[in-house]
Amino acid sequence: MNCYPLKNVKSSSTLKRSTHTFNTEEFIRRYNDLYLTDELIYNNEGKLIRRYRLHAVKPHSMEDYLAYDIMCPKCSQLLKVVGRPIDYNDLGLYRCPVCDKK
């Protein structure tokens, strides 16, 4: 599983840029408040597609995390929310509309 720490594009911004790293999820969780993980799922046609799950160290409400604009780790376009949170730390599921068209 790939993990992508999220950084503010500008100071105190809601726009978040994902960064590539080879660190473990445990390491990333220790040093970053927000990060994405890959989730590979099958769509309705049986094709394997990539989605991203947002994770937060501190609990977030739906209103908290929906305020974020998150850039795709692969193409830097904005991700779209496509799935609900699991709990207050494992938040929404996202997809990239640009990468999905490729």
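Please report, as a whole percent, how much of the solvent-accessible surface of the chain comes from carbon and sulfur atoms (probe radius 1.4 Å).
Answer for the chain: carbon and sulfur cover 50 percent of the accessible area.
Residue farthest toward the positive end of the dipole of segment 39-102, with Cβ of Lys/Arg at +1 and Asp/Glu at -1: which of Tyr65, Gln77, Leu93?
Towards the positive end, the residue furthest out is Gln77.
Return the FRET efficiency for the residue pair Cys75, Arg30: r is the Cβ-Cβ distance, R0 is 22 Å, and the value is rounded to the nearest 0.05. Intermediate results must be reported in sequence, preceding the final value.
Values: r = 28 Å, r/R0 = 1.27.
Given R0 = 22 Å and the Cβ-Cβ separation, E is 0.20.
From the backbone phi of segment 49-61, what are the Karplus-calculated ³J(HN,Hα) couplings (6.51 cos²θ - 1.76 cosθ + 1.60, θ = phi - 60°) in whole Hz, Gly and Pro given as x?
10, 9, 10, 10, 9, 8, 10, 10, 5, 8, x, 10, 8
Summing -39500 (n - 2.57) over the DSSP H runs of n ≥ 4 in the chain and dividing by its residue number, what mean residue ellipticity at 222 nm do you reach, to the nearest 500 deg cm²/dmol?
Numbers: 3 runs with 17 residues, N = 102.
Result for the chain, helices only: -3500 deg cm²/dmol.
Given the whole protein assembly as supplied and a 1.4 Å probe, what does the accessible area of Lys10 come to in Å², nearest 10?
For Lys10, the solvent-accessible surface is approximately 140 Å².
For a label point 7 Å from the Cα of Lys102 along Cα→C-beta, name the residues of segment 31-46 whose backbone N is under 20 Å from it.
Answer for segment 31-46: 36-43.
With the cut-off at 1.5 for a/c, could you classify the chain from its C-alpha gyration tensor as rounded, prolate or oblate?
Rounded, because the longest to shortest axis ratio a/c is under 1.5.
Explain nothing, just the number: dipole magnitude of segment 13-98 about its Cα centre with +1 on each Lys and Arg Cβ and -1 on each Asp and Glu Cβ, in debye rounded to the nearest 20.
Approximately 280 debye in magnitude.
Which chymotrypsin sites (Phe, Trp or Tyr not before Pro) in segment 1-87 pass both tests, a DSSP loop state and at most 10 other beta-carbon atoms within 10 Å?
Details: sites: Phe22, Phe27, Tyr31, Tyr35, Tyr42, Tyr52, Tyr65, Tyr68; in loops: Phe22, Tyr68.
Of the chymotrypsin sites (Phe, Trp or Tyr not before Pro), the ones in loops of segment 1-87 whose Cβ has at most 10 other Cβ atoms within 10 Å are Phe22.
DSSP loop GluC sites (Glu not before Pro) in segment 12-102 with at most 13 other Cβ atoms within 10 Å of their Cβ, which ones?
Taking segment 12-102 and a limit of 13 other Cβ atoms within 10 Å, the loop GluC sites (Glu not before Pro) found are Glu45.
The values are calculated or read from the model by the stated rules, or taken from the named source; none is laboratory data. Note that the coordinates shown come from a computational prediction; the quantities given were computed from them, not determined experimentally. We place every Cβ from the backbone using ideal geometry, glycine too, and count neighbours over all the protein chains shown. These accessible areas exclude ligands, DNA and RNA; they are computed on the full protein's heavy atoms, side chains included. Shrake-Rupley method; radii C 1.70, N 1.55, O 1.52, S 1.80 Å.
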